[in-house]
Structures are given as C-alpha cells and as structure tokens.
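Derivation of every value follows stated rules applied to the coordinates shown; laboratory data play no part. Since this is a predicted model, take the numbers as computed values, not measurements. Neighbour counts run over all protein chains shown; Cβ positions are idealised from the backbone, glycine included.
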Amino acid sequence: MMIPSIVLFIPNFILMKNLGWLNTFQGMIAPSLLMSPFSVFFLRQFFLSIPLELEEAAKLDGATSAFIFWRIVLPLAQGPIATLGILTTIAMWNDFFWPFIVNSGSNENLRVLTVALQQFRANQPGGPPDWTGLMAGTFLSIVPVFVLLIFMGRKVVESLQFSGSK
C-alpha cells in the first residue's frame, strides 16, 4: 500500500500484454480486482475480529478447517465482502487512466464511460466543446454510483466500523 499505484502501471500493462488481454474487458478488470492491497488488509482486520472461541467450538463438534471456513466464517464475512465489492466497483467505475491505456482508444465497444466522455470532449470540431452534452454525460455517469450508495451505503459504513475496531 506504500507503493503508489502509478508505479504498478507498467508491470500490469506488461502482464496484460503477455496474457493477451489488451483491448479486452479482462485486461481492464483484472488489476483492480485481483491486485488490491486494501482488500487484503480490510479482510484481514475482519477475520482477526472473529472470536477464536467460535472456531474452537466448531472443532470440538468435529468440523474440519474447510467446513469451518465455508459454513461459519464465510457467511459472517458477507458484509465485508459486499463492502469490498461496492468500493471496488466505485473505484473501477471512476477509473480513467487504466482503461484508457489498456484499450488504447482503438475499440469503441470497450470504451468505458470516463474515457468516452474525454473522447466526446476532444472530438468537438474546432471551437469550444459542447458543454451541455458533456455535463449531461457526466451526470449520467454519476447516477449508477449514487444509486448504489443510496441502497448500500449503510452496509459500507457498518462494515468499515466493524472491521476497524478490535
């Protein structure tokens, strides 16, 4: 988490190129989904807050480690996992630079909204950009995140409070 994310762009780009994931949705999604140190530390804090007595009681009842994880611990972790999903979705929705680099602007079908708004602004023939169209597009880009936070905002706050305290 101490390394700035911009430093990881070149290694991630080389990895996506070697995997053949340039100009694909996988190439845009994989680094954000699989390589997030915040997710590791967030879930670590949550798992440390689960009482050890809960696992010991399950072991006394004859449960295996896999059973304890899948049937006891994982259902308890639904809130933090949902929170990570929401926060990752919002971060990926607002991301501009990585989708711009991975897609290279060549495939219009893979262009995410933030990159499309930039292209819309840049493609105005001479003169100033169409500010009304740009603001309408920007407003439409905010709506899904706003709706997500309205319905799931309480779960995010509760999960952050729960995993932050010991």
- Membrane-span-like helices (DSSP H runs, Cα span along own axis at least 27 Å, mean Kyte-Doolittle at least -1.0) in the chain -> 131-164
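Among rounded, prolate and oblate, which fits region 23-64 when a ≥ b ≥ c are the square roots of the eigenvalues of its C-alpha gyration tensor, a/c under 1.5 means rounded, and a/b larger than b/c means prolate? Mind dumping the intermediate values first?
Working: a/c = 7.86, a/b = 2.59, b/c = 3.03.
Oblate is the answer for region 23-64, as a/c is 1.5 or above yet b/c matches or exceeds a/b.
Computed over the Cα atoms of the chain, what is the convex hull's projected area averaged over all directions, in nm²? Provide the component values of the computation, followed by the final result.
Numbers: hull surface 53.0 nm².
The number I arrive at for the chain is 13.3 nm².
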- Message: Can you find, among Leu43, Ala57, Gly137, the residue sitting farthest towards the positive end of the charge dipole of region 40-166, where Lys and Arg contribute +1 and Asp and Glu -1 at Cβ?
- Response: Gly137
- At 222 nm, what helix-only mean residue ellipticity would the chain give, in deg cm²/dmol to the nearest 500, using -39500 (n - 2.57) for each DSSP H run of four or more? -22000 deg cm²/dmol
- Hey, how many Å between the Cα centroid of region 110-137 and the Cα centroid of region 1-52? 29 Å
